[in-house]
Each structure stands twice: as C-alpha cells, then as structure tokens.
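Novice: Can you read through this structure? Questions will come right after.
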Amino acid sequence: MDQLNNFLSPPAAPRDFGFFVDGKWQSGHDFFVRHSPGHGVAVTRTAKCSVDDLNAAVAAARRAFEDRRWSGLPVGSRASVLLRVAEILRTRRDELAYWETLENGKPIAQARGEIDHCIACFEVGAGAARLLHGDSFNSLGDGLFGMVLREPIGVVGLITPWNFPFLILCERVPFILASGCTMVVKPSEVTSATTLILAEVLAEAGLPDGVYNVITGSGRTIGQAMSEHPDIDMLSFTGSTAVGRSCVHAAADSNFKKLGLELGGKNPIIVFADSDLEDAADGAAFGISFNTGQCCVSSSRLIVERSVAREFEALLAEKMKRIRVGDPLDETTQVGAITTEAQNTTILDYIAKGKTEGAELVTGGTAIDLGRGQYIAPTLFSGVSREMAIARDEIFGPVLCSMTFDTVEQAVELANDTVYGLAASVWTKNIDKALTVTRRVRAGRFWVNTMMAGGPEMPLGGFKQSGWGREAGMYGVEEYTQVKSVHVEIGKRTHWIS
Ligand code: NAD
C-alpha cells in the first residue's frame with residue numbers, strides 16, 4: 001500500500017493488478033490502463049484476459065462446485081466465512097473507497113458510504129445462508145411424503161458495470177456464495193480494482209480456492225464468451241438493456257443458462273401539490289445528481305402537479321445550483337466526475353438534443369472546467385413532452401426532465417409511459433394518493449417521500465425491460481438455487497404388477 005499517499009491524492013504510478021483463478025494470482029500479457037476521470041492521470045493497470053483464461057476460470061469454478069468444497073460445508077462454517085469478510089472489509093474501508101473513487105470518479109465520502117453498505121451485504125448474506133431452506137408436504141396421504149430441496153444452481157457468471165463497481169458486486173457475491181454456488185466474475189474493464197481486491201479479502205476470510213474467480217477483460221470478448229459459455233449454469237448480468245438482450249440471445253443459443261438481468265431505467269419521481277415541496281425538491285436534486293446521475297435508479301423524469309410546477313422547478317433549480325461538484329478526493333464534494341469520456345459525450349449530446357427539441361433549460365446544461373477531469377453541471381429541463389428523446393432514453397447523467405400532470409390518473413399514465421420499470425418515487429402527504437400510485441406504477445423499487453433508501457435485506461430488480469429476477473436478501477439468494485421435488489414412499493408399496 002506504499003503507493004497510496006494516505007488516500008489524499010492519486011498514486012504516483014498506476015497500481016498493477018493481475019487476475020485471480022483457482023486461488024492463485026496470474027499476470028496478464030496485455031493491459032488496460034485506467035485514467036482517473038476526476039484527475040486525468042493513470043491510476044491502475046489491469047490484465048486483458050483471453051478466452052483461454054476464462055475457460056480455465058470456469059473449469060476451476062466447476063471443480064470447486066462438483067467436489068462440494070464450499071456447498072458441502074455446514075452452513076454455520078459458510079456463514080462464518082461471510083462474516084469474516086465483513087470484518088476484513090471494515091479494516092480496508094478507506095483503501096477500497098480510494099480505488100473506487102479513483103477508477104469511477106465518485107466522491108470519496110459517497111464511496112465510503114457504499115463500502116459500509118457492502119459490509120452489510122456480507123452480514124445479510126451470512127444470515128441468508130443460515131435461513132435458506134426447502135419445504136415439505138405432509139399432505140400427500142399416509143403412504144407418501146414430499147420434500148422440496150433447494151440446491152445451488154452451479155457455476156455462476158457475474159458481469160458488472162462501472163457505475164457502482166463494488167456495491168453491485170457486493171449486492172450479489174454474498175448471496176451467490178450463500179446459495180452454495182461457485183463463480184467467475186468479470187467487472188467492467190474501466191473499474192476492475194475493487195473486484196480484484198475482494199479476491200484477496202475472500203481468500204483471507206477462508207473461502208476455498210476456486211469458489212471466487214476474477215477474469216478481467218472487455219465485454220465484447222470475455223463478456224460475450226461468458227454469455228455463450230456451455231459450462232456456466234447461470235449468468236447474472238448488470239448493465240445496459242442492449243447488452244442484456246444480447247445475453248438472452250447467447251444463452252438461448254448455448255445451454256439455456258438461467259439469466260438474472262438488472263438493466264436500465266428511466267425512473268419517474270411524482271410530486272403532488274400537497275407534498276412538502278422543500279423535501280421533494282431536495283429528494284429530486286439528490287435523485288438525479290447522486291453518482292452524477294450515472295445510476296440505474298436515478299429519478300430522471302420529474303412528473304409534477306401543474307398547479308405547483310413553476311414554484312417547484314424554481315425551488316429545485318436553486319438547490320441544484322448549490323450542489324458541490326468537484327474533485328472526487330475532496331471530502332466536501334457531493335458530485336464527482338463523469339466516469340468515461342464516452343459517457344461524458346453522450347450526456348452533453350443529450351443536453352444539446354433537449355435544447356433543439358424545444359425543452360426549456362432551467363439550470364446547468366454545461367460542462368464544468370476544473371482544469372482536469374470531466375464534469376457536468378446538474379441540469380434541469382422544463383416543458384418536456386413525452387415524445388422527446390430526453391424524456392424517453394436513459395441518459396445516465398445528471399439531466400432531469402420535468403413534465404406536468406393534473407390528475408392522479410395522468411400522473412400514473414405518464415409514469416408508466418416507458419419501456420423501463422426499475423424504480424419510482426412519489427411525494428405527497430395524502431396516504432390514499434401515495435398508495436394508489438405505489439400500486440399502479442410498474443416498477444421494481446418504490447420510494448414514498450424518500451429517495452434511494454434501502455438495505456440488502458430488500459430485493460432489487462426491475463419490471464418490463466429493466467430486467468429479470470431479483471438480487472439481494474432472501475429473494476436474491478433463492479435466485480441462485482433450484483428446487484428438487486423428492487417423493488418418499490412410506491410403508492409397504494402397492495404393486496403395479498401383482
Ligand atoms: P454495459 O452494458 O455497457 O456494460 C456492462 C458490463 O457488460 C461490462 O462489464 C461490460 O464489459 C460488459 N459487456 C459489454 N458488452 C458485452 C457483451 N456483448 N456481452 C456480455 N457482456 C458485455 O453497461 P455500462 O455502460 O457498464 O453500465 C451502464 C448501464 O448499466 C446502464 O444502462 C444502467 O442503467 C445499467 N445498470 C443497471 C443496474 C440495475 O441494477 N438495474 C445497475 C447499474 C447499472
């Protein structure tokens with residue numbers, strides 16, 4: 001850790017990472033060099049693995065699954081490993097937050113909060129392991145007893161995106177391990193560091209070799225090969241809807257592997273005139289600016305009651321102007337850098353499109369020049385209509401589009417007018433409106449008078465084109481199991497042929 005400079009500034013030289021297969025570190029022959037999006041300097045060097053490397057990792061995970069070195073342990077022993085992981089993560093919190101911030105561009109204070117959430121994921125995973133159970137049917141008649149066994153699905157492939165590299169990883173890994181599965185992970189090529197550090201932590205906590213393997217590389221080669229791999233039993237993919245669709249095709253054309261898909265969102269925030277407008281404006285500013293809006297559950301469509309729309313937008317714009325955008329390593333920064341140059345261009349292109357489509361720019365709408373790195377001001381468009389690209393497409397940046405409604409019916413209809421169904425929120429003091437909207441808006445995660453709240457006990461996942469299945473908590477661990485129906489004859493069998 002000599003390069004770390006007390007986590008106050010980027011390292012003097014990029015840190016080298018190998019990849020991790022069957023409990024051993026391997027070195028690459030070719031590398032990705034990652035530049036910090038907040039500072040523009042090289043911070044990590046990660047191996048570009050080959051498909052042969054992937055095949056070796058899948059073979060190691062298969063051996064570890066088949067010889068039951070993990071799933072065959074008493075559940076108390078497995079839960080203890082997961083609890084030890086939580087303890088070690090606590091001791092490495094600052095270091096993990098540092099690499100997450102350097103590779104992703106998120107504020108260091110936010111990154112530390114995310115590591116705390118990850119620690120909780122391992123604690124909940126340990127509990128989930130102990131609570132996972134099957135079922136029995138004592139109702140099949142005196143001659144027959146039925147049991148339903150829950151069994152781990154096998155070798156899981158896990159592909160993660162760059163926006164929450166460690167958090168998304170930790171919302172899955174403890175639950176995959178709790179089920180008894182073994183795994184091969186491929187992080188995003190631009191944010192691999194913390195996924196690799198987790199390999200060190202898991203090994204130190206006593207996870208047997210071969211259970212957690214990490215292959216780094218591009219989506220087009222390694223990700224695609226994982227989707228097509230005949231020896232991966234389940235693929236958990238988190239990323240864009242377009243790549244999720246390609247995973248579905250690849251699974252159908254290979255071995256019909258089970259898929260867990262956590263995809264994009266275009267999430268509504270509905271604000272009624274009777275809400276506490278100050279609270280709602282704070283929630284809206286947070287919901288679109290948190291993680292620079294590069295968040296699958298960002299509240300990017302503001303649906304506000306017409307009678308208070310102007311007042312609310314003014315309140316919101318005033319708050320958005322006061323958000324502290326700055327160096328991700330600065331403790332006081334609230335919004336950091338845009339993670340990739342490509343994403344920076346995409347966001348600025350959408351802002352330009354919003355203007356040409358006729359939306360009214362209320363605040364933001366420009367890049368912020370801090371002398372190094374790439375930053376965009378939190379942006380609010382008013383007078384947006386549902387046909388505009390900025391209202392329909394997932395921009396994945398700090399760009400909020402405001403539309404108006406007059407009735408509860410209209411609010412629900414507008415909220416549901418999207419191919420996505422990941423998250424939604426409603427702000428009102430009226431319980432009838434809150435519950436009506438909660439029941440009728442089609443989304444996998446819902447917030448009432450709050451934003452982004454939650455914990456790893458609660459399931460995560462989307463309706464419609466936002467995905468399949470659920471991650472985290474008991475719902476999450478069950479996704480990584482399959483059930484077997486067992487029928488046990490009791491007493492003397494009645495012969496078919498007498
Ligand atoms: P992406 O789809 O480009 O990449 C995600 C991962 O897939 C990366 O590891 C990438 O290397 C890999 N990949 C790329 N091409 C692949 C292919 N052909 N086959 C298999 N894997 C491939 O997404 P991104 O740009 O990293 O992340 C942003 C997207 O992720 C957004 O759409 C966002 O909404 C979504 N997301 C969803 C959730 C959720 O929980 N629903 C969470 C975070 C991000």
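Novice: When the dipole is taken about the Cα centre of the range 213-261, and only Lys, Arg (+1) and Asp, Glu (-1) are charged at their Cβ, what size is it in debye, to the nearest 20?
Specialist: Here the range 213-261 has a charge dipole of around 160 debye.
Novice: Expected output is a single nm value to one decimal: the length gained when fully extending between residue 442 and residue 55, i.e. 0.36 nm times separation in residues minus the C-alpha distance. What is it?
Specialist: 135.4 nm
Novice: Using unit Cβ charges (K, R positive; D, E negative) and no other charged atoms, how large, in debye to the nearest 20, is the dipole of the chain about its Cα centre?
Specialist: About 680 debye.
Novice: What does the highest-first list of 221-229, 242-250, 291-299 look like by mean Cβ count within 10 Å? If you can, show how the numbers build up before the last one.
Specialist: Numbers: 221-229: 21.7, 242-250: 16.8, 291-299: 26.1.
Listed from highest to lowest mean packing, they are 291-299, 221-229, 242-250.
Novice: Within 10 Å of each residue's Cβ, count the other Cβ atoms and sort 202, 8 from fewest upward.
Specialist: 8, 202
Novice: To the nearest 0.05, how large is the calculated FRET efficiency for residue 332 and residue 485 if R₀ is 51 Å and r is the Cβ-Cβ distance?
Specialist: 0.35
Novice: Listed highest first by mean packing, meaning other Cβ atoms within 10 Å per residue, what order do 336-346, 66-76 come in?
Specialist: Highest mean packing first, the order is 336-346, 66-76.
Novice: Here is a follow-up. Output the direction-averaged projected area (hull surface divided by four) of the convex hull of the alpha-carbon atoms of the range 50-140, in nm².
Specialist: Result: 9.8 nm².
Novice: Note the angle between two axes, namely the Cα long axis of helix 241-253 and the longest principal axis of the Cα atoms of the chain, as a number of degrees from 0 to 90, rounded to the nearest 10.
Specialist: It works out to around 20 degrees.
Novice: Continuing with the same structure: Give the order of 41, 156 when sorted by the count of other beta carbons within 10 angstrom, beginning with the fewest. Kindly include the intermediate steps, with their values, before the conclusion.
Specialist: Details: 41 16, 156 28.
If I rank by nearby Cβ atoms, fewest first, I get 41, 156.
Novice: If one takes the longest principal axis of the Cα atoms in the chain, at what angle in degrees, from 0 to 90 and to the nearest 10, does the Cα axis of helix 431-440 lie?
Specialist: 60 degrees
Novice: Rounded to the nearest 10 degrees, what's the angle between the helix 309-321 long axis and the longest principal axis of the chain, both from Cα atoms, 0 to 90?
Specialist: Computed tilt is about 80 degrees.
Novice: Tell me, how many Å apart are the Cα centres for the range 31-78 and for the range 267-317?
Specialist: 39 Å
Novice: Considering only 125, 88, 76, whose Cα is most displaced toward the positive end of the charge dipole of the range 40-135, charges sitting on Cβ of Lys, Arg (+1) and Asp, Glu (-1)?
Specialist: Comparing the listed Cα positions along the dipole, 76 ranks first.
Novice: I would also like to ask the following. How high is the relative contact order of the chain, in percent, counting Cα pairs under 8 Å that sit 6 or more residues apart?
Specialist: Here the relative contact order equals 18 percent.
Novice: Rounded to whole Hz and in sequence order, give me ³J(HN,Hα) for the range 9-15 from the Karplus expression 6.51 cos²θ - 1.76 cosθ + 1.60, θ = phi - 60°, writing x for Gly and Pro.
Specialist: Values, residue by residue: 9, x, x, 5, 9, x, 7 Hz.
Novice: Please flag any cysteine in the chain that has no other cysteine's Cβ under 4.7 angstrom from its own Cβ.
Specialist: That list is 49, 181, 247, 295, 296, 401.
Novice: Would you mind ranking 196, 144, 177, 316 by Cβ crowding within 10 Å, fewest neighbours first?
Specialist: 144, 196, 316, 177
Novice: Also: Out of 43, 197, 361, whose Cα points farthest toward the positive end of the dipole of the chain (charges: +1 Lys, Arg; -1 Asp, Glu; placed on Cβ)?
Specialist: Positive-most Cα among the choices belongs to 197.
Each value in this text was obtained by applying a stated rule to the coordinates, not by laboratory testing. Just so it is clear, the structure is predicted and the values come from calculations on it, not from any experiment. When we count neighbours, we look across all protein chains shown, and the Cβ atoms used for this are built from the backbone with ideal geometry, even at glycine.
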